[in-house]
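The values are calculated or read from the model by the stated rules, or taken from the named source; none is laboratory data. Being a predicted model, the structure only gives us computed values, none of them experimental. So basically every Cβ, Gly included, is an ideal-geometry build from the backbone, and we count neighbours across all protein chains shown.
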Amino acid sequence: MTLLAQGTLLGARKGCGFQPIKLASEETHTVSRASSTDFSRKVGDATGKSLNHGHIFFRKFDTLSPVRRITLISLVGLRNGLVISNGSQRNQQHAVLAPVDRRAGAFQSFRFALRTALDKSVVSSRFFSYTPARREDEAEERKWSTPLAKQLADAISLTGPIPLASFMRMCLTSDIGGYYTGALGEGRDPFGRTGDFVTSPEVSQVFGELVGIWFVAEWMAQGRPSKGVELMEVGPGRGTLMDDILRTIRHFGLAKSIDAVYMVEASAQLRDTQKRLLCGPEAELTESKMGYHGVSKHGGVPIVWTETIQSIPKNPQSMPLIVAHEFFDALPIHTFQSVVVPPSPAPESSPVATVTTSRTRKPSGSSSSSLQWREMVVTPTPPGSTHESLGTPLSQRPQLPGGSGHVSPVPDFQLTISPGPTRHSQYLPDMFPRYRRLLKDLPQGGAIIEVCPDATLYATEFAARIGGSPKHPKSKPAGAALILDYGPGDGSIPVNSLRGIRQHQRVSPFAEPGLTDLSADVDFEAIAEAATMASDGVEVHGPVDQADFLLSMGIRERAQALAKTASTSEKRGETTPSVANDIERACQRLVDRGPNGMGKVYKALAILPENSGRRRPVGFGGEVVQ
């Protein structure tokens, strides 16, 4: 394959259109796979004006994989107002630069296409193609449910079907219309009764109080250090949980040992909400390279907001106390299905060169195996689709509020199985032995697994901070991580667990992207395995049902004490008669063991310093160590 940037393929913006540039022969560059290229060139138009960011620079181009090569060329073109399209010359595939369609959403769609290029489901010699959207006077364009849906559809038209993980990531965190980012700018609040879902801290203050008590118990069991304690929360939501924790631990010595509180939050809107609750509505934050700094209204503890947990310094003498509540369920997942593949004939010689690196893998299951993993990828639904034609489950077709009788919108997208191996299908199912065992246990195919690489990364990060790692050793493991989320607690692999939530109702996860909350069951077994593999200095306890965890932490006793206080206030006329009953009902909801009850569906898992199982933590069958 040859990548060309010559002749009229480069254009400088002139007015509303693009004026072709005819480069002199000495300014024509051919970049082939066989060459080693290192050059820099600035392109200008015929009048000497240069393009914005017009530097084209390639270093060690021949060491890059084909996809990264085309992506590098694409990024240069994008910065210059150009996009990639397919072309051909002398029967060779090559990439050319063409003017970008700057109509509504096209530029952002192409930017997303480049971001997902490395996640492209099927890598072929054609790479990308770009067809400009039809003009309005040619045909009526398809109406998408949200701006983000159109952006996703345009991106898929550029790159082909995308992995489910890429779809989830854009739906939840896209700058344009993402559920937790862009969509919140419209005044939407996903939490609480007026939002889409209610979390345990929003149900009752007792939940956050007991989580705070759990950290106090771990601090006591690990020697009550007088300094070096770092309290961290990933995915803090409104900040309700941390507010209850800080309010609770003020009554214990742990509060004086905390050096700082770290809030890992990528959403600017949610960060402002958390700041108002934790620091006060008038509090001002200062900015540094790490993030934003404030002071807690609970005892003046420093609070630092950062976008990634990696931004928090690793101190070998620190004692990190980490909480992740309903965080892992929102991390993007990949879905794979095992299929029986007939043996393929030996490939014929091809004039197209192939780049081979030390990281190149054979498809999972080896070339002689009849079983391989295929990735489930996202594609747009056919125009004119209905719930019936798509087979949308009845449980995902709730009636819209208002008594109109109309059901929720028809999905914009659907899952299909990739016809061939993808980059992810070649290595993700090989991450853990239990995925590999499925190929042997189900030789007829049909096994389905959900894999969350981000969950493995976070579990690895938690374990390394608590128990140390070869890169960041600790002389003495210290700290604790408490993960509270929903998923199977018996070690089974989540299957078909992706769900969409809108206004407290189940809807299709592929309908109204950006307005629908997406989540999937947490694979606790994978988290436990990743943590123990990452550090020899940690051990894992659980998962246990949330009901068992909260009951052993004393939720009934705490609820009774609050209800008694409320009853006393009621007699004084300070509260309404329903307050005491509301407290008891809320706590009962948290420990409900019904089929869909929070006490059964939600689980708790703890990562602690390794002690050969001599001490079990409170809430997991252990007792408080004085």
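Please enumerate the residues belonging to the range 425-439 that are part of a helix (DSSP H, G or I) and either within 26 Å of the chain's Cα centre (by Cα) or surrounded by 14 or more Cβ atoms within 10 Å (Cβ to Cβ) (or both). Walk me through it before giving the result.
If we filter the range 425-439 for residues that are part of a helix (DSSP H, G or I), which is where we start, we get 425-430, 433-439.
The answer is SER425, GLN426, TYR427, LEU428, PRO429, ASP430, PRO433, ARG434, TYR435, ARG436, LEU438, LEU439.
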Examine the range 398-406 for a residue that is modelled with pLDDT under 85, assigned to a loop (DSSP other than H, G, I, E, B) and in contact with a Leu (Cβ under 9 Å, 6 or more places away or on another chain), and state whether such a residue exists.
-> yes
Quickly run through the range 440-494 and pick out the residues that are of a type in the set (Gly, Ala, Ser), within 22 Å of LEU321 (Cβ to Cβ) and outside any strand (DSSP E or B).
-> ALA455, ALA459, ALA463, ALA464, GLY467, GLY468, SER469, SER475, ALA478, GLY479
Of (1) at pLDDT below 95; (2) under 30 Å from GLY223 (Cβ atoms), GLN503 fails just (2)
Only one of (1) in a loop (DSSP other than H, G, I, E, B); (2) in contact (Cβ under 8 Å) with a residue 12 or more places away in the chain; (3) more than 26 Å from the chain's Cα centre (by Cα); (4) surrounded by fewer than 18 Cβ atoms within 10 Å (Cβ to Cβ) is not met by HIS298, so which one is it?
-> (4)
What are the residues in the range 187-209 that are at pLDDT 80 or above and not aromatic (Phe, Trp, Tyr), if any?
-> THR199, SER200, PRO201, GLU202, VAL203, SER204, GLN205, VAL206, GLY208, GLU209
Applying the selection to the range 258-295, what residues are within 19 Å of ARG247 (Cβ to Cβ), of a type outside the set (Gly, Ala, Ser) and not in a strand (DSSP E or B)?
-> THR273, GLN274, LYS275, ARG276, LEU277, LEU278, CYS279, PRO281
Kindly indicate whether any position in the range 471-483 is in contact (Cβ under 8 Å) with a residue 24 or more places away in the chain, assigned by TED's automatic domain parsing to the domain that holds ALA528 and over 23 Å from GLN317 (Cβ atoms).
-> yes
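For the range 586-626, what are the residues that are among the charged types (D, E, K, R), farther than 23 Å from GLU557 by Cβ and surrounded by 19 or more Cβ atoms within 10 Å (Cβ to Cβ)?
Of the residues in the range 586-626, the ones among the charged types (D, E, K, R) are 589, 592-593, 600, 603, 610, 614-616, 623.
Adding the requirement that they be farther than 23 Å from GLU557 by Cβ leaves 610, 614-615.
Result: no residue meets the conditions.
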Does any residue in the range 425-436 that is at negative phi come within less than 6 Å, Cβ to Cβ, of a residue that is at pLDDT 90 or above and of a type in the set (Val, Ile, Thr) six or more places away or on a different chain, and which pairs are these?
-> LEU428/VAL451; TYR435/ILE449
